[in-house]
Amino acid sequence: MSFTITSLNTYPIKSLGGVSLDNVTLSSKSFEYDRFWMLVDEDGMAFTQRDNPLLTLFQLELSSNGVWVKYKENRLFVSFDKTAQNEKIAVKLWKNNLIALK
């Protein structure tokens, strides 16, 4: 059996749009920066497309030091710099209780 890779995509922010890649760097668990962030509400509950289908309207664009998030005419830059915040918070993704960096 043989396989052919026809496209490479990463999803830097869980449940937002994907980014098509020409090449990819692998981390120990996945593509580098794949689902590196997720959106949570004030109670630590994760937002997903299953419950919030409008998240499909957000577009992402990778740069060398972060990701641009675009929604209509609005843009927000999120840096890859993990040292900016080290506060740990409890989050819930479906039935999973997790610890994340804020």
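Brief remarks on what is shown
- Scope the range 1-45; condition of a type in the set (Val, Ile, Thr) and within 9 Å of the chain's Cα centre (by Cα); matching residues: THR10, ILE13
- The set of residues from the range 1-23 being over 15 Å from PHE58 (Cα atoms) and open to solvent by less than 50 Å² (accessible area, probe 1.4 Å) comprises LEU8, LEU21.
- Residues being surrounded by fewer than 13 Cβ atoms within 10 Å (Cβ to Cβ), closer than 26 Å to VAL24 by Cα and of a type in the set (Asp, Glu) - total across the range 58-94: 1
- Answer residue from the range 24-37, given it is surrounded by 10 or more Cβ atoms within 10 Å (Cβ to Cβ) and not small (Gly, Ala, Ser) and is farthest from PHE80 (Cα to Cα) among those: VAL24
- Qualifying residues in the range 73-102 (those that are of a type in the set (Gly, Ala, Ser) and assigned to a strand (DSSP E or B)) - the one nearest to LEU21 (Cα to Cα): SER79
- Looking at LEU8, LEU16, LEU39, just one residue is at pLDDT 90 or above, closer than 22 Å to LEU93 by Cα and out of contact with any Asp or Glu (no Cβ under 6 Å at 6 or more places or on another chain), and that residue is LEU16.
- Here the range 38-57 is the region considered, the condition is being out of contact with any Lys or Arg (no Cβ under 7 Å at 6 or more places or on another chain) and of a type in the set (A, V, I, L, M, F, W, C), and the residue that is least open to solvent (accessible area, probe 1.4 Å) is LEU55.
The values are calculated or read from the model by the stated rules, or taken from the named source; none is laboratory data. Please read these numbers as outputs of a predicted model, since none were measured by experiment. Positions of Cβ are generated from backbone atoms using ideal geometry, with glycine treated the same way; all protein chains shown enter the neighbour counts. The protein model used for the area step is the full one, side chains on, heavy atoms only, and it has no ligands, DNA or RNA in it. Shrake-Rupley method; radii C 1.70, N 1.55, O 1.52, S 1.80 Å.
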